[in-house]
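The values are calculated or read from the model by the stated rules, or taken from the named source; none is laboratory data. Because the structure is predicted, anything quoted here is derived from the model rather than measured. So basically every Cβ, Gly included, is an ideal-geometry build from the backbone, and we count neighbours across all protein chains shown. The protein model used for the area step is the full one, side chains on, heavy atoms only, and it has no ligands, DNA or RNA in it. Shrake-Rupley method; radii C 1.70, N 1.55, O 1.52, S 1.80 Å.
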Amino acid sequence: MLKQIILSVVTLISTLSISAQSTNIHLNSLGFLPDHNKTATISEPCEVYNILNTDGEVVFTGKTTGPRYQKDVDQKVWNADFSRFTKPGEYTLEIEGVGKTAPFNIAADAFNLAAKTSMRGFYLWRCGAEVDGTFNGNHYHQNVCHLEDGYEDYIGNKGVKHDGTGGWHDAGDYGKYTVNAGITVGVLFKAWDHFKPQLENLNLDTPNATSKLPAFLEEIKWETDWVLKMQYPDGSGRVSHKLTRVNFSPFIMADKDHEKRYFTEWSSAATADFVAMMAMAARYFQPYDPVYAQICLEAAWLSYNFLRDNPEDKGFVQGDFKTGGYQTSDNDDRLWAAAEMWETTGDKSSLDDFEKRAKTIDFRIDENWDWGNVSNLGMFTYILSSREGKTPGVEKAIKRNTIKNADQLVEKANKDVYSRALGSTYFWGCNGTVARQTINLQVANRIKPKEEYINTSLSIIDHLFGNNYYNRSFVTGLGNHAPMHPHDRRSGADSIEEPWPGYLVGGGHTATDWVDEQESYSHNEIAINWQAALVYALAGFISK
């Protein structure tokens with residue numbers, strides 16, 4: 001109760017502190033890159049805008065465009081486009097007759113801190129280890145937790161335990177789920193593959209000083225080390241769907257959670273996602289740690305061969321469990337697994353497996369995708385691969401659909417008053433999907449470079465950090481008026497007013513119903529799959 005009172009006071013103070021700033025001027029509060037688009041949305045009639053330097057002098061001026069009306073937000077808005085102003089520095093946007101924004105930066109490294117903080121969020125999510133960090137003057141700490149992971153009661157060995165420690169806590173809860181690990185690890189490896197020059201020297205301030213791996217890969221390895229433990233100990237290749245207690249813990253710190261946690265029964269989706277993760281791990285860790293890479297590859301082959309011998313879709317049944325279900329059919333997971341096995345090994349049968357499965361979905365590229373549909377990951381691996389042997393017609397169809405999809409995202413973002421590439425589609429976790437659409441755009445740009453793909457990727461970042469209906473950042477600790485009450489057990493259980501930093505919250509179910517409330521897990525939870533998408537979105541614009 002005391003913490004809720006304190007948080008309410010902090011929120012009130014925060015609100016009062018921005019009272020001199022207009023709440024009707026919506027823009028990316030992180031700032032802007034010098035040579036790229038810079039826009040703001042104004043939800044009040046206006047005609048003239050000015051860019052002011054730190055001395056209050058007008059250094060650039062222009063006229064707004066509009067109004068444009070959008071039904072889902074029920075607003076008329078005007079737009080200020082100051083892209084032509086490129087001089088680095090700290091500035092304020094003034095809209096005559098409306099007000100001013102908080103100061104923002106125009107800088108090549110405008111997104112660097114956000115990229116580091118969002119990736120460092122995975123370190124702060126670590127299970128089975130003490131984590132520690134300071135951000136904005138606050139000291140965040142979690143003691144070692146869940147060292148008894150986990151028990152085999154639900155895989156046929158009552159009372160038997162084997163090592164399931166490590167990995168990341170999944171979301172606002174402390175469970176660990178193979179399927180959600182899949183899209184998370186897959187997207188993070190994609191970030192490494194696409195933006196390695198920006199990421200290989202990224203300092204995450206994590207305890208990896210003696211590691212042979214770059215910090216970015218070292219953090220992913222914390223998860224893949226745990227994923228390896230999810231294979232059944234009987235050598236069959238089956239993979240447990242999750243490792244959790246039977247119900248969610250209360251809002252306590254992780255080290256206070258002493259309930260038994262169990263390996264659950266396998267599912268074919270989890271097993272296929274395991275294959276894809278391990279195949280990617282073998283590929284990306286090989287230059288740094290070939291012994292570990294070989295362990296990952298052997299594990300991938302074991303489970304992939306099991307899947308080929310057992311083609312039925314084996315779903316997961318919750319039974320006694322009330323924790324996250326992550327229940328999904330497996331065709332997209334198997335497609336992704338085949339693509340990664342082929343890319344890592346060159347195995348012809350894996351290529352044939354992928355191409356056959358891609359044909360069954362008409363080589364489709366999805367604009368709205370998450371853990372329940374990971375086929376895009378396989379499609380993107382295939383079309384960006386330099387390996388020989390691809391069927392020309394298949395490659396052409398997937399590339400064509402990738403470009404078509406990206407063009408549609410550009411069109412949707414241009415039509416939306418807040419440049420939201422998902423348009424008027426909203427659901428639980430939609431902010432993560434919006435961030436993930438940058439993968440579609442960046443892949444299309446690698447196939448057929450186009451300025452609009454980069455601009456739309458940046459407009460997605462703008463949207464997540466303030467150019468939205470709420471004029472708020474959706475990421476804890478970053479940007480203006482960031483979320484204060486995420487559905488996150490650590491943030492709710494510790495004694496610190498500010499939530500743990502760098503985490504993307506899920507977002508609204510409609511264009512106007514998002515609430516910054518801890519109790520609303522369907523609006524304000526954090527999750528590793530959404531976080532990975534945020535990391536990817538920012539990684540493309542890190543200044544080295």
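Only one of 337, 293, 358 is within 30 Å of residue 153 (Cβ to Cβ) and at pLDDT 95 or above; which?
337
From the list 245, 283, which residue is farther than 15 Å from residue 181 by Cβ, crowded, with 18+ Cβ neighbours inside 10 Å, modelled with pLDDT of 95 or more and touching a strand residue (DSSP E or B) at 6+ places or on another chain (Cβ under 8 Å)?
Residue meeting the stated conditions: 245.
Quick one: in the range 355-381, which of the residues that are among the hydroxyl-bearing types (Ser, Thr, Tyr) and within 14 Å of residue 337 (Cα to Cα) is surrounded by the most Cβ atoms within 10 Å (Cβ to Cβ)?
The extreme case among them is 381.
State yes or no: is residue 329 of a type in the set (S, T, N, Q) and open to solvent by less than 30 Å² (accessible area, probe 1.4 Å)?
No, not satisfied.
Yes/no per residue for (1) surrounded by 23 or more Cβ atoms within 10 Å (Cβ to Cβ); (2) touching a residue at least 24 places away in the same chain (Cβ under 8 Å); (3) of a type in the set (Gly, Ala, Ser):
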position	(1), (2), (3)
293	no, no, yes
306	no, yes, no
310	no, yes, no
315	no, yes, yes
319	no, yes, yes
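Output the residues belonging to the range 301-335 that are under 27 Å from the mean Cα position of the chain (by Cα), closer than 18 Å to residue 266 by Cα, outside any loop (DSSP other than H, G, I, E, B) and not small (Gly, Ala, Ser).
304, 331, 332, 333, 334
Of all residues in the range 364-396, which are part of a loop (DSSP other than H, G, I, E, B) and under 20 Å from residue 183 (Cβ atoms)?
364, 365, 366, 367, 368, 369, 370, 371, 372, 373, 374, 385
Can you tell me which condition residue 7 does not meet? The list is (1) at pLDDT 70 or above; (2) open to solvent by less than 40 Å² (accessible area, probe 1.4 Å); (3) more than 19 Å from residue 87 (Cβ to Cβ), and all the others hold.
Every listed condition holds for residue 7 apart from (1).
Kindly indicate whether residue 211 is without any contact (Cβ under 8 Å) to a residue 40 or more places away in the chain and of a type in the set (Ser, Thr, Tyr).
The answer is yes for residue 211.
So, restricting to helices (runs of 4 or more DSSP H) that lie completely within the range 448-541, which ones have at least 2 residues that are aliphatic (A, V, I, L, M)?
Fully inside the range 448-541 and qualifying: 451-464, 528-539.
Working carefully through the options 351, 384, 335, find the one that is without any contact (Cβ under 8 Å) to a residue 40 or more places away in the chain and not polar (S, T, N, Q).
351
Which of the following residues is under 20 Å from residue 212 (Cβ atoms) and part of a helix (DSSP H, G or I): 278, 341?
Only one candidate qualifies: 278.
Restricting to the range 425-446, name every residue that is in a helix (DSSP H, G or I) and open to solvent by 50 Å² or more (accessible area, probe 1.4 Å).
Matches in the range 425-446: 446 only.
What are the pairs, 6+ residues apart or on separate chains, where a residue within the range 169-188 that is within 25 Å of residue 250 (Cβ to Cβ) has its Cβ under 9 Å from a residue that is among the β-branched types (Val, Ile, Thr) and assigned to a strand (DSSP E or B)?
Close Cβ pairs (under 9 Å, with a partner that is among the β-branched types (Val, Ile, Thr) and assigned to a strand (DSSP E or B)) amount to 170/244; 173/244; 174/244; 175/244; 176/244; 177/244; 178/239.
Give the residue, chosen from 455, 431, 376, that is touching a strand residue (DSSP E or B) at 6+ places or on another chain (Cβ under 7 Å) and not hydroxyl-bearing (Ser, Thr, Tyr).
That would be 431, the only listed residue that is touching a strand residue (DSSP E or B) at 6+ places or on another chain (Cβ under 7 Å) and not hydroxyl-bearing (Ser, Thr, Tyr).
For every residue, the table says whether it meets (1) on the phi < 0 side of the Ramachandran plot; (2) open to solvent by 10 Å² or more (accessible area, probe 1.4 Å).
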{"position": "507", "(1), (2)": "no, no"}
{"position": "515", "(1), (2)": "yes, yes"}
{"position": "530", "(1), (2)": "yes, yes"}
{"position": "539", "(1), (2)": "yes, no"}
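So that you can scan it fast, the table gives a plain yes or no per residue for (1) out of contact with any Cys (no Cβ under 6 Å at 6 or more places or on another chain); (2) acidic (Asp, Glu); (3) within 20 Å of residue 263 (Cα to Cα):
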{"site": "280", "(1), (2), (3)": "yes, no, no"}
{"site": "288", "(1), (2), (3)": "yes, no, no"}
{"site": "327", "(1), (2), (3)": "yes, no, yes"}
{"site": "332", "(1), (2), (3)": "yes, yes, no"}
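Only one of (1) polar (S, T, N, Q); (2) touching an Asp or Glu at 6+ places or on another chain (Cβ under 6 Å); (3) more than 18 Å from residue 371 (Cα to Cα); (4) open to solvent by less than 10 Å² (accessible area, probe 1.4 Å) is not met by residue 268, so which one is it?
(3)
Checking residue 349 against (1) over 19 Å from residue 301 (Cα atoms); (2) open to solvent by 40 Å² or more (accessible area, probe 1.4 Å); (3) assigned to a helix (DSSP H, G or I), only one condition comes out false. Which one?
(1)
Looking only at the range 181-214, how many residues end up being part of a helix (DSSP H, G or I) and more than 28 Å from residue 333 (Cα to Cα)?
Residues flagged as part of a helix (DSSP H, G or I) and more than 28 Å from residue 333 (Cα to Cα) within the range 181-214 amount to 2.
With the condition kept exactly as written, say whether any residue in the range 154-163 is under 22 Å from residue 262 (Cα atoms), polar (S, T, N, Q) and touching a residue at least 24 places away in the same chain (Cβ under 8 Å).
no
For residue 422, which of the numbered conditions (1) of a type in the set (A, V, I, L, M, F, W, C); (2) open to solvent by 30 Å² or more (accessible area, probe 1.4 Å); (3) touching a Leu at 6+ places or on another chain (Cβ under 9 Å) fails to hold?
(2)
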